[in-house]
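Student: Here it is, the structure in full.
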Amino acid sequence: MSAVEKAFHGLRHMIATGRLGPGERIPPEGELCEELSVSRGSLREAVRMLAALGVIEPRHGSGTYVSRLRPQDVIGSLALTLELLPLPGLLEVSEIRRVLEAHVAAQAAARCTPETVRTLFSLIEEMEATDDPTQASELDHRFHAEIAQIGGNPTLASLLSVFRARSRKYQVFTLPEGPRLRGKSDEDHRVLATAIADRDPVAAAGAAQAHVAQTERWLRTFMPAVQEDDDAG
(Lines give C-alpha, C1' and ligand atoms only; values in the text may rest on other atoms or scores of the structure.)
Protein backbone atom coordinates (compact mmCIF):
# COMPACT_ATOMS: atom_id res chain seq x y z
CA MET A 1 0.00 0.00 0.00
CA SER A 2 1.40 3.40 -0.99
CA ALA A 3 1.63 6.30 1.46
CA VAL A 4 -1.20 8.09 -0.34
CA GLU A 5 -3.41 5.01 -0.07
CA LYS A 6 -2.50 4.72 3.61
CA ALA A 7 -3.52 8.32 4.21
CA PHE A 8 -6.69 7.91 2.12
CA HIS A 9 -7.87 4.79 3.96
CA GLY A 10 -6.88 6.26 7.32
CA LEU A 11 -9.02 9.34 6.79
CA ARG A 12 -11.84 7.27 5.38
CA HIS A 13 -11.76 5.03 8.45
CA MET A 14 -12.00 8.05 10.76
CA ILE A 15 -15.11 9.22 8.89
CA ALA A 16 -16.71 5.79 8.52
CA THR A 17 -16.37 5.04 12.24
CA GLY A 18 -17.83 8.39 13.25
CA ARG A 19 -14.65 9.75 14.77
CA LEU A 20 -15.01 12.59 12.29
CA GLY A 21 -18.65 13.42 11.75
CA PRO A 22 -20.45 15.44 9.06
CA GLY A 23 -19.45 19.08 9.17
CA GLU A 24 -16.51 18.56 11.55
CA ARG A 25 -13.12 20.06 10.90
CA ILE A 26 -10.40 17.48 10.40
CA PRO A 27 -7.36 17.65 12.71
CA PRO A 28 -4.29 19.71 11.72
CA GLU A 29 -1.94 18.23 9.14
CA GLY A 30 0.83 17.67 11.66
CA GLU A 31 -1.37 15.58 13.95
CA LEU A 32 -2.76 13.51 11.09
CA CYS A 33 0.66 12.91 9.54
CA GLU A 34 1.99 11.69 12.85
CA GLU A 35 -1.00 9.46 13.56
CA LEU A 36 -1.11 7.96 10.06
CA SER A 37 2.68 7.87 9.63
CA VAL A 38 2.57 9.65 6.28
CA SER A 39 4.12 12.79 4.81
CA ARG A 40 2.26 16.04 4.33
CA GLY A 41 2.38 15.55 0.57
CA SER A 42 0.72 12.13 0.82
CA LEU A 43 -1.90 13.47 3.22
CA ARG A 44 -2.74 16.39 0.94
CA GLU A 45 -3.15 14.08 -2.04
CA ALA A 46 -5.50 11.87 -0.01
CA VAL A 47 -7.51 14.95 0.98
CA ARG A 48 -7.76 15.96 -2.69
CA MET A 49 -9.03 12.48 -3.56
CA LEU A 50 -11.69 12.58 -0.85
CA ALA A 51 -12.67 16.10 -1.87
CA ALA A 52 -13.20 14.89 -5.45
CA LEU A 53 -15.55 12.24 -4.05
CA GLY A 54 -17.54 14.85 -2.15
CA VAL A 55 -16.49 13.51 1.25
CA ILE A 56 -14.23 16.37 2.36
CA GLU A 57 -14.55 20.11 1.76
CA PRO A 58 -11.45 22.34 1.86
CA ARG A 59 -12.53 25.87 2.85
CA HIS A 60 -10.12 28.64 1.97
CA GLY A 61 -8.87 30.39 5.09
CA SER A 62 -10.86 28.15 7.40
CA GLY A 63 -9.51 24.62 7.12
CA THR A 64 -10.74 21.28 5.83
CA TYR A 65 -14.05 19.80 6.91
CA VAL A 66 -15.99 16.60 6.49
CA SER A 67 -18.87 17.31 4.11
CA ARG A 68 -22.50 16.99 5.13
CA LEU A 69 -22.27 13.44 3.76
CA ARG A 70 -25.70 13.56 2.22
CA PRO A 71 -26.27 10.35 0.23
CA GLN A 72 -27.29 12.22 -2.91
CA ASP A 73 -24.06 14.24 -2.88
CA VAL A 74 -21.79 11.24 -2.35
CA ILE A 75 -23.61 9.25 -5.04
CA GLY A 76 -23.19 12.18 -7.42
CA SER A 77 -19.44 11.58 -7.33
CA LEU A 78 -20.04 8.32 -9.24
CA ALA A 79 -20.03 10.46 -12.35
CA LEU A 80 -16.24 10.54 -12.09
CA THR A 81 -16.04 6.82 -12.83
CA LEU A 82 -19.20 6.21 -14.85
CA GLU A 83 -17.92 8.69 -17.43
CA LEU A 84 -15.20 6.15 -18.22
CA LEU A 85 -17.52 3.25 -19.03
CA PRO A 86 -17.54 2.01 -22.64
CA LEU A 87 -20.84 1.13 -24.26
CA PRO A 88 -21.07 -2.49 -22.93
CA GLY A 89 -20.59 -1.23 -19.39
CA LEU A 90 -23.14 1.51 -19.91
CA LEU A 91 -25.70 -1.04 -21.09
CA GLU A 92 -25.18 -3.05 -17.90
CA VAL A 93 -25.76 0.08 -15.85
CA SER A 94 -28.82 0.82 -17.95
CA GLU A 95 -30.44 -2.36 -16.63
CA ILE A 96 -30.18 -0.88 -13.15
CA ARG A 97 -31.57 2.40 -14.40
CA ARG A 98 -34.54 0.56 -15.95
CA VAL A 99 -35.53 -0.85 -12.55
CA LEU A 100 -35.03 2.43 -10.69
CA GLU A 101 -36.83 4.61 -13.25
CA ALA A 102 -39.82 2.27 -12.97
CA HIS A 103 -39.77 2.61 -9.19
CA VAL A 104 -39.60 6.41 -9.15
CA ALA A 105 -42.32 6.63 -11.81
CA ALA A 106 -44.61 4.53 -9.63
CA GLN A 107 -43.81 6.75 -6.65
CA ALA A 108 -44.46 9.86 -8.74
CA ALA A 109 -47.86 8.50 -9.78
CA ALA A 110 -48.76 8.10 -6.10
CA ARG A 111 -47.46 11.53 -5.06
CA CYS A 112 -48.06 13.83 -8.00
CA THR A 113 -49.99 17.08 -7.76
CA PRO A 114 -51.79 19.05 -10.46
CA GLU A 115 -48.83 21.46 -10.51
CA THR A 116 -46.21 18.75 -11.03
CA VAL A 117 -48.31 17.14 -13.75
CA ARG A 118 -48.52 20.48 -15.55
CA THR A 119 -44.75 20.76 -15.35
CA LEU A 120 -44.30 17.34 -16.95
CA PHE A 121 -46.59 18.11 -19.88
CA SER A 122 -45.02 21.55 -20.31
CA LEU A 123 -41.61 19.92 -20.70
CA ILE A 124 -43.03 17.46 -23.23
CA GLU A 125 -44.49 20.32 -25.27
CA GLU A 126 -41.12 22.08 -25.27
CA MET A 127 -39.42 18.86 -26.41
CA GLU A 128 -41.89 18.39 -29.24
CA ALA A 129 -41.52 22.02 -30.35
CA THR A 130 -37.73 22.20 -30.64
CA ASP A 131 -35.66 21.16 -33.64
CA ASP A 132 -32.40 21.37 -31.69
CA PRO A 133 -31.20 17.87 -30.67
CA THR A 134 -29.08 19.30 -27.85
CA GLN A 135 -32.00 21.22 -26.40
CA ALA A 136 -34.23 18.18 -26.79
CA SER A 137 -31.69 16.11 -24.84
CA GLU A 138 -31.59 18.70 -22.05
CA LEU A 139 -35.38 18.83 -21.85
CA ASP A 140 -35.49 15.03 -21.81
CA HIS A 141 -33.14 15.08 -18.82
CA ARG A 142 -35.28 17.68 -17.03
CA PHE A 143 -38.42 15.63 -17.67
CA HIS A 144 -36.99 12.51 -16.06
CA ALA A 145 -35.37 14.51 -13.27
CA GLU A 146 -38.76 16.05 -12.48
CA ILE A 147 -40.33 12.59 -12.19
CA ALA A 148 -37.55 11.49 -9.84
CA GLN A 149 -38.06 14.61 -7.74
CA ILE A 150 -41.79 13.98 -7.52
CA GLY A 151 -40.93 10.44 -6.41
CA GLY A 152 -39.53 11.97 -3.25
CA ASN A 153 -36.16 10.24 -2.77
CA PRO A 154 -33.24 12.65 -3.35
CA THR A 155 -30.71 9.83 -3.31
CA LEU A 156 -32.46 7.93 -6.10
CA ALA A 157 -32.87 11.17 -8.01
CA SER A 158 -29.13 11.81 -7.77
CA LEU A 159 -28.21 8.28 -8.83
CA LEU A 160 -30.52 8.36 -11.83
CA SER A 161 -29.18 11.76 -12.84
CA VAL A 162 -25.68 10.27 -12.98
CA PHE A 163 -26.91 7.33 -15.08
CA ARG A 164 -28.75 9.61 -17.51
CA ALA A 165 -25.79 11.97 -17.86
CA ARG A 166 -23.62 9.11 -19.08
CA SER A 167 -26.26 7.92 -21.55
CA ARG A 168 -26.63 11.44 -22.97
CA LYS A 169 -23.03 11.33 -24.18
CA TYR A 170 -24.33 9.09 -26.96
CA GLN A 171 -26.36 11.59 -28.99
CA VAL A 172 -28.72 9.29 -30.88
CA PHE A 173 -30.99 12.20 -31.86
CA THR A 174 -28.19 13.64 -34.01
CA LEU A 175 -28.02 10.50 -36.17
CA PRO A 176 -29.79 10.33 -39.56
CA GLU A 177 -32.51 8.31 -37.83
CA GLY A 178 -32.75 11.01 -35.14
CA PRO A 179 -36.13 12.54 -36.08
CA ARG A 180 -37.82 9.13 -36.07
CA LEU A 181 -36.23 8.22 -32.75
CA ARG A 182 -37.26 11.52 -31.23
CA GLY A 183 -40.83 10.97 -32.36
CA LYS A 184 -40.94 7.63 -30.60
CA SER A 185 -39.31 9.12 -27.51
CA ASP A 186 -41.90 11.91 -27.38
CA GLU A 187 -44.70 9.34 -27.61
CA ASP A 188 -43.17 7.41 -24.72
CA HIS A 189 -42.98 10.57 -22.63
CA ARG A 190 -46.67 11.27 -23.15
CA VAL A 191 -47.61 7.72 -22.18
CA LEU A 192 -45.52 7.99 -19.03
CA ALA A 193 -46.80 11.43 -18.06
CA THR A 194 -50.39 10.35 -18.66
CA ALA A 195 -49.98 7.33 -16.38
CA ILE A 196 -48.57 9.59 -13.67
CA ALA A 197 -51.40 12.11 -14.15
CA ASP A 198 -53.90 9.24 -13.86
CA ARG A 199 -52.21 8.27 -10.57
CA ASP A 200 -51.66 4.75 -11.89
CA PRO A 201 -48.38 3.44 -10.38
CA VAL A 202 -48.45 0.16 -12.29
CA ALA A 203 -48.93 1.83 -15.67
CA ALA A 204 -46.32 4.46 -14.82
CA ALA A 205 -43.75 1.84 -13.84
CA GLY A 206 -44.41 -0.13 -17.03
CA ALA A 207 -44.14 2.97 -19.20
CA ALA A 208 -40.86 4.04 -17.60
CA GLN A 209 -39.34 0.60 -17.91
CA ALA A 210 -40.36 0.32 -21.55
CA HIS A 211 -38.94 3.75 -22.31
CA VAL A 212 -35.51 2.94 -20.86
CA ALA A 213 -35.50 -0.45 -22.58
CA GLN A 214 -36.16 1.35 -25.87
CA THR A 215 -33.14 3.58 -25.27
CA GLU A 216 -31.02 0.49 -24.63
CA ARG A 217 -32.13 -1.00 -27.95
CA TRP A 218 -31.22 2.20 -29.77
CA LEU A 219 -27.75 2.21 -28.21
CA ARG A 220 -27.18 -1.42 -29.18
CA THR A 221 -28.46 -0.83 -32.73
CA PHE A 222 -26.91 2.50 -33.66
CA MET A 223 -23.92 3.23 -31.45
CA PRO A 224 -21.64 0.31 -32.43
CA ALA A 225 -21.82 1.45 -36.07
CA VAL A 226 -20.94 5.00 -35.09
CA GLN A 227 -17.98 3.80 -33.00
CA GLU A 228 -16.73 1.66 -35.89
CA ASP A 229 -16.89 4.68 -38.21
CA ASP A 230 -14.91 6.74 -35.70
CA ASP A 231 -12.29 4.01 -35.35
CA ALA A 232 -11.96 3.75 -39.13
CA GLY A 233 -11.47 7.49 -39.39
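The values are calculated or read from the model by the stated rules, or taken from the named source; none is laboratory data. All of these numbers come straight from a predicted model, not from anything done at the bench. Cβ placement follows ideal geometry from the backbone for every residue including glycine, while neighbour counts extend to all protein chains displayed. The protein model used for the area step is the full one, side chains on, heavy atoms only, and it has no ligands, DNA or RNA in it. Shrake-Rupley method; radii C 1.70, N 1.55, O 1.52, S 1.80 Å.
Student: Where a ≥ b ≥ c are the square roots of the eigenvalues of the C-alpha gyration tensor, would you call segment 149-224 rounded, which needs a/c under 1.5, or, failing that, prolate if a/b is larger than b/c, or oblate?
Tutor: Taking the square roots of the gyration eigenvalues as a ≥ b ≥ c, segment 149-224 is oblate.
Student: Keeping all protein chains in position, work out how much accessible area R70 exposes to a 1.4 Å probe, and write it in Å² to the nearest 10.
Tutor: The accessible area of R70 comes to roughly 80 Å².
Student: So, counting K/R as plus one and D/E as minus one, what does the shell of residues with Cβ under 13 Å around L82 add up to?
Tutor: It works out to a net charge of +3.
Student: What is segment 103-181 by shape, rounded, prolate or oblate, if you read a ≥ b ≥ c off the alpha carbon gyration tensor as root eigenvalues and call it rounded for a/c under 1.5, prolate for a/b larger than b/c, and oblate otherwise?
Tutor: Taking the square roots of the gyration eigenvalues as a ≥ b ≥ c, segment 103-181 is oblate.
Student: Work through the residues other than R68 whose Cβ is under 12 Å from its Cβ and net out their charges, Lys, Arg +1 and Asp, Glu -1.
Tutor: After counting each charged neighbour, the total is -2.
Student: Which percent of the accessible area of segment 67-191 is formed by carbon and sulfur heavy atoms (probe 1.4 angstrom)?
Tutor: Whole-percent figure for carbon plus sulfur exposure: 55.
Student: Using just the helices of the chain, give the 222 nm mean residue ellipticity in deg cm²/dmol: DSSP H runs with n ≥ 4 each add -39,500 (n - 2.57), and the total is spread over all residues, rounded to 500.
Tutor: Roughly -24000 deg cm²/dmol at 222 nm, from the helical runs in the chain.
Student: Once you list every other residue whose beta carbon is under 10 Å from the beta carbon of G23, what net charge do they have if Lys and Arg are +1 and Asp and Glu are -1?
Tutor: 0
Student: So I have (i) -0.41, -0.91, -0.97; (ii) -0.32, -1.01, -1.15; (iii) -0.33, -0.86, -0.96, and one of them is log10 I(q)/I(0) by the Debye sum over Cα atoms at q = 0.08, 0.14, 0.15 Å⁻¹ calculated from this model. Which one is it?
Tutor: The value computed from this structure is option (i).
Student: Roughly how many Å² of T130 are accessible to a 1.4 Å probe, to the nearest 10?
Tutor: Around 10 Å² of this residue is reachable by solvent.
Student: How much accessible area per residue does the chain have, counting only protein heavy atoms and a probe of 1.4 Å, in square angstrom?
Tutor: Result: 53 Å² of accessible area for each residue.
Student: First check a/c for segment 37-136, with a ≥ b ≥ c the square roots of the eigenvalues of its C-alpha gyration tensor; if it is under 1.5, answer rounded, and if not, answer prolate when a/b is larger than b/c or oblate otherwise.
Tutor: Taking the square roots of the gyration eigenvalues as a ≥ b ≥ c, segment 37-136 is prolate.
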